[in-house]
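Asks: Quick one: structure below, then a few questions.
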Amino acid sequence: MTQYDYDLFVIGAGSGGVRASRVAASHGAKVAVAEEYRVGGTCVIRGCVPKKLFVYASHFAEEFEEAAGFGWQVGEARFDWKTLLANKDREIDRLNGIYIRNLNNAGVEIIESRAVLKDAHTVYLAGEDRDVTAERILIAVGATPYLSDIPGIEYAISSNEAFHLEELPKRIVVAGGGYIAVEFAGIFNGLGVEVTQLYRGPLFMRGFDDDLRDTLAEEMRKKGVDLRMDCDITAIEKQDNGELHLKLSNGDTIHTDAVMYATGRVPKTDGLGLDRAGVQLGDNGEILVDEYSQTNVDSIYAVGDVTDRAALTPVAIREGQAFAETVYADKPLTVDHSIIPTAVFSQPELGTVGLTETEARKAHGEVDIYKTSFRPMKGTLSGSEEKTFMKLIVHPETDKVLGVHIVGPASGEMIQALGIAVSMGATKAQFDATIAVHPTAAEELVTMKQKWVPPAQAAE
């Protein structure tokens, strides 16, 4: 008989924790998972899923307007925020139920309680005031929004609260320059809110290809978002009438109805008892793990955003799967974090996989660039001036496609398939040999033949 209550105890029932629990149980392990909020984690409850539903909602105003060019007379359209919230909540409840059912069907015990480490094999369940023991412990608690330490920060919201606002504000300021910030700026703008987005650096979306960053900034401004770079909030003051006055680093003041911080997320490691168990943390509070998601304590593992390797749901799922297969099926698996297809549901949408131009030049020296910008076919009748942008980065000697970057409708759908090609090491010649699908925007990816030449070089 085992000396522990469980073979595996998982703290956190988000995407990574749920996958690891189910797979481990399928291999015969006795598994329990503790969750203090709702099963499903950030993605299902307050992240990817509700956000994508909001993105869909925010597109309709533009689509109603563009329909006229195709002969449709839509008439007066009205948007009801409370209806969207209610329908979103119903869908989240449905998904939450599916996650719970899948865990139950797999034989995983769900414990609704906060769980804290006491040592390398013991977990204290705060909600039940008892200890449990496990041969192995997996930490999959995710991350939480970071809020600046400035006067009045208590008046700001994060993406968590944005999904539950009682009323849609007339004006909102979004602070931040990452994917969450640009996505919510697009959402609120599409729903008719007056949006200002602030970013403290010279150009937002740091880490993405510079051409994508420039193109997105241009298109967002065309859609009416007031983008301000090199600008940050130094204080928030709430007035008697509820209006917020934001003091900015450049001396300006903005009057708004709401301010949303999307300035990054930090691993949710505070109060977990990691110090008592001897688990080492990194500079940002992340749990340090090896390629098999094992910490410095042999019995403790961690997957997902809490490790700060790549804060994306599919990555957490893959890490959870790899952990369970390695430990409980004796099939050592690691996750390749070097090539991760990524979509940003900004407006317009981004899709990217592989190296940026800057990264490619740093790694390989000279590279070949193929890029194009055009007005999609739909815009010829709709009247939309939105541009689609596509870029291929190619190694000049091996002909290998090192990176693909897209701005435009359905970029996220395209980049999933392109991720397969880039992961397999496809060459530019293989792209060129692929028959184009016409008429589509995607056909440009296999018909770009002319290498891009920098303007200065072209003038010589």
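Asks: With an 8 Å cut-off on Cα pairs and a minimum separation of 6 or more residues, tell me the relative contact order of the stretch 167-223 in percent. Walk me through the numbers before you get to the answer.
Replies: Numbers: 56 pairs, mean separation 19.7, N = 57.
Here the relative contact order equals 35 percent.
Asks: If you add up the charges near THR196, with Lys and Arg at +1 and Asp and Glu at -1, over every other residue whose beta carbon is less than 9 angstrom from its beta carbon, what do you get? Mind showing how you got there, number by number?
Replies: Values: positive: ARG171, ARG228; negative: GLU194, ASP226.
Here the count lands on 0.
Asks: With all distinct Cα pairs included, what does the Kirkwood hydrodynamic radius of the stretch 63-104 come out to in Å, to one decimal, could you say?
Replies: Result for the stretch 63-104 stands at 13.3 Å.
Asks: Do any chymotrypsin sites (Phe, Trp or Tyr not before Pro) in the stretch 26-134 lie in a DSSP loop with no more than 12 other beta carbon atoms within 10 Å, and if so, which? The partial results should precede the final answer.
Replies: Values: sites: TYR37, PHE54, TYR56, PHE60, PHE64, PHE70, TRP72, PHE79, TRP81, TYR99, TYR124; in loops: TYR37, TRP72, PHE79.
Sparse-neighbourhood loop chymotrypsin sites (Phe, Trp or Tyr not before Pro): TRP72.
Asks: Here is a follow-up. Under DSSP H, which helices of the chain have Cα atoms covering 24 Å or more of the helix axis and a Kyte-Doolittle average no less than -0.5? Present the calculation step by step, with values, prior to reporting the outcome.
Replies: Working: long enough: 48-66 (27 Å, -0.11); 81-106 (38 Å, -0.78).
Span-like helices, by this rule, are 48-66.
Asks: Now, a different point. If you average 1/r over every pair of different alpha-carbon atoms in the stretch 367-432 and take one over that average, what Kirkwood value in Å do you get?
Replies: Averaging 1/r across every pair of different Cα atoms and inverting gives 12.9 Å.
Asks: If you don't mind, there's one more thing I want to ask. Between the DSSP loop rule and a limit of at most 16 other Cβ atoms within 10 Å, which GluC sites (Glu not before Pro) in the stretch 373-413 are left?
Replies: Numbers: sites: GLU385, GLU386, GLU397, GLU413; in loops: GLU385, GLU386, GLU397.
Here the sparse-neighbourhood loop sites are GLU385, GLU397.
Asks: Of VAL182, LEU8, ALA343, which is farthest towards the positive pole of the chain's charge dipole, taken about the Cα centre with +1 and -1 on the beta-carbons of Lys, Arg and Asp, Glu respectively?
Replies: ALA343
Asks: Give the relative contact order (percent, whole number) for the stretch 342-451; include only Cα pairs under 8 Å separated by 6+ residues. Show your work: numbers first, answer last.
Replies: On the way: 188 pairs, mean separation 33.3, N = 110.
For the stretch 342-451, the relative contact order is 30 percent.
Asks: In addition: Sort by residue number and report every cysteine in the chain with no other cysteine beta carbon within a distance under 4.7 Å.
Replies: So, CYS231.
Asks: List, largest first, the extents of the alpha carbons of the chain along their principal axes, each in whole Å.
Replies: So the extents along the principal axes, rounded to whole Å, are 75, 65, 44.
Asks: Another one. Please work out how many pairs of lysine residues in the stretch 342-451 are eight or more positions apart (or on different chains) and have Cα atoms closer than 17 angstrom.
Replies: Lysine pairs satisfying the spacing and distance rule in the stretch 342-451 number 17.
Asks: Also, I was wondering about something else. Just to confirm the filter: which GluC sites (Glu not before Pro) across the stretch 1-83 are DSSP coil and have at most 13 other Cβ within 10 angstrom of their Cβ? It would help to have the intermediate numbers written out before the result.
Replies: Values: sites: GLU35, GLU36, GLU62, GLU63, GLU65, GLU66, GLU76; in loops: GLU35, GLU36, GLU76.
For GluC sites (Glu not before Pro) across the stretch 1-83 that sit outside H, G, I, E and B with at most 13 neighbouring Cβ atoms in 10 Å, the list reads GLU76.
Asks: So for the chain: antiparallel DSSP bridges make up what percent, rounded to the nearest 5?
Replies: Values: 43 of 71 bridges.
So the antiparallel bridges in the chain amount to around 60 percent.
Asks: On the Cα set of the stretch 193-237, report Rg and Dmax in Å, please.
Replies: 11.5, 37
Asks: May I ask for the Rg/Rh ratio of the stretch 153-263, computed from Cα atoms with Rh as the Kirkwood radius, given to two decimals?
Replies: On the way: Rg = 13.3 Å, Rh = 14.0 Å.
The Rg/Rh ratio comes out at 0.95.
Asks: Defining a contact as two alpha carbons under 8 Å apart and six or more residues distant in sequence, what relative contact order in percent does the chain show? The partial results should precede the final answer.
Replies: Working: 928 pairs, mean separation 70.1, N = 460.
Computed value for the chain: 15 percent relative contact order.
Asks: If we count trypsin sites (Lys or Arg not before Pro) as exposed when they sit in a DSSP loop and have at most 10 other beta carbons within 10 Å, what is the longest stretch of the chain that avoids them all? It would help to have the intermediate numbers written out before the result.
Replies: Working: sites that count: ARG78, LYS449.
My reading of the result: 79-448 is the longest stretch.
Asks: Counting every Cα pair in the stretch 342-451, what percent are over 15 Å apart?
Replies: Roughly 63 percent, once rounded to a whole number.
Asks: Using just the alpha carbons, could you tell me how many Å³ per residue the convex hull of the stretch 324-400 encloses?
Replies: Numbers: hull volume 12.8 nm³, N = 77.
Once divided by residue count, the hull of the stretch 324-400 is 166 Å³.
Asks: Then there is this: Arrange VAL303, VAL182 by Cβ neighbour counts within 10 Å, fewest through most, would you? The partial results should precede the final answer.
Replies: Values: VAL303 33, VAL182 28.
Ranking VAL303, VAL182 by Cβ neighbours within 10 Å, fewest first, gives VAL182, VAL303.
Each value in this text was obtained by applying a stated rule to the coordinates, not by laboratory testing. Since the model is a prediction, treat every value here as computed from it, not as a measurement. We place every Cβ from the backbone using ideal geometry, glycine too, and count neighbours over all the protein chains shown.
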